[in-house]
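Below is one structure, written out as structure tokens; the observations come after it.
The values are calculated or read from the model by the stated rules, or taken from the named source; none is laboratory data. Model, not experiment: these values are computed from the prediction. Cβ: placed from backbone, ideal geometry, glycine included. Neighbour counts: every protein chain shown. Surface accessibility is based on the protein's heavy atoms, side chains included, excluding ligands, DNA and RNA. Shrake-Rupley method; radii C 1.70, N 1.55, O 1.52, S 1.80 Å.
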Amino acid sequence: MSWLETASPSFLARHELRDSDDAIAVLELLEGIRERLQEAFGTAPHDVAVVLHGSVVQLSLSQPLLPVVRALTGPAMRRYQVGWFARGEVHVLAPRLLEERASAVPGSREMVMLAPAVLYAALVIGSVNPALPPPFRPGTIVRSLRWAWLVAGAPAYFAGQVPYARAAIARRLREGRAPSFPPDLHDAALLGPTVFDLLALEEGPQAAVALASRLPNDGPQRSMRSIFRGRSLLESEVVWRQHLHRLAEP
């Protein structure tokens, strides 16, 4: 298979011929999110390669950690695990395949089509927070597992997925055990962004930026006391669960 290249000021997309028009749309999306993240974080990587894969198999072979992460992700969010990132690179399914993965519920298409922006946001956050990937080394992988709600939640929040997650959150609240607080690895990609959303509502957007930029010193659970201004863990959990139910309302 031969690859074509389409460039924008900050990105270079590699894709199949039939994805040429979609590649332009993806680059426009990424230029927009880059501008917003540059303003929020004061920096945003450029000269980033964006590889639009033509099949799930091709993507999985290229990024072997992705199938593992997808398997560890809860069913409500699994369909949205459609890409991976590395230093200077974003790998994601081509938009025609993203469309196919969307369900019929409101917000699903918007969620999955924002996947390139989520992956790029992860690159930005990794560039300002050296404790997080990329690169994927033993230390950053261990921290990513321990802080899964932050690592997966911050990029999705800053890419704008939360407003479209109502149906997925509602499904999660109906299925299985009650989610833990903070969200565990199983729920990190879906419910991690809601922690940032609640923080931004209570303390302002800069509090969410600060949390993404540096890991708290007191561990994933104890950090909730400092993140939410000294409120007890139990009190913050109650407020967060109320926030989840508000987000899940029709």
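Once backbone amide H atoms are built at 1.01 Å from N, V50 has L12, A13, R14, V90 as its partners under 5 Å, excluding neighbours fewer than 5 places away on the same chain.
All other residues whose Cβ lies under 13 angstrom from that of G126 are scored, Lys and Arg at +1 and Asp and Glu at -1, for a net of +3. Only Lys, Arg, Asp and Glu carry charge here, each on its Cβ (+1 for the first two, -1 for the last two); on that basis segment 189-250 has a dipole of about 160 debye about its Cα centre. Rounded to the nearest 10 degrees, the angle from helix 148-159 to the longest Cα principal axis of the chain is 60 degrees. Sparsely packed loop sites in segment 211-244 (the trypsin sites (Lys or Arg not before Pro) outside DSSP H, G, I, E and B with at most 13 other Cβ atoms within 10 Å) comprise R214, R222, R229. Free of any chymotrypsin sites (Phe, Trp or Tyr not before Pro) that DSSP assigns to a loop and that have at most 16 other C-beta atoms within 10 Å, the longest stretch within the chain is 4-135.
Candidates P133, A122, G176 compared by Cα position along the dipole of the chain: farthest toward the positive end lies G176, with charges placed on Cβ.
Remark: segment 214-222, residue by residue, has Karplus-estimated 3J(HN,Hα) of 7, 5, x, 7, 10, x, x, 8, 4 Hz, where x stands for each Gly or Pro and the curve is 6.51 cos²θ - 1.76 cosθ + 1.60 at θ = phi - 60°. Summing Cβ point charges (Lys, Arg +1; Asp, Glu -1) relative to the Cα centre of the chain gives a dipole of roughly 920 debye.
When a 1.4 Å probe is rolled over the protein heavy atoms, the share of accessible surface on segment 61-122 that falls to carbon and sulfur comes to 61 percent. Near L17: Cβ cut-off under 14 Å, other residues only, Lys/Arg at +1 and Asp/Glu at -1. The net charge is -2. Across the options V112, P64, A13, the greatest Cα extent toward the positive end of the charge dipole of the chain (unit charges at beta carbon of Lys, Arg, Asp, Glu) belongs to P64.
In order along segment 65-71, the Karplus-derived 3J(HN,Hα) couplings, from 6.51 cos²θ - 1.76 cosθ + 1.60 at θ = phi - 60°, round to 6, 4, x, 5, 4, 4, 5 Hz, and Gly and Pro are given as x.
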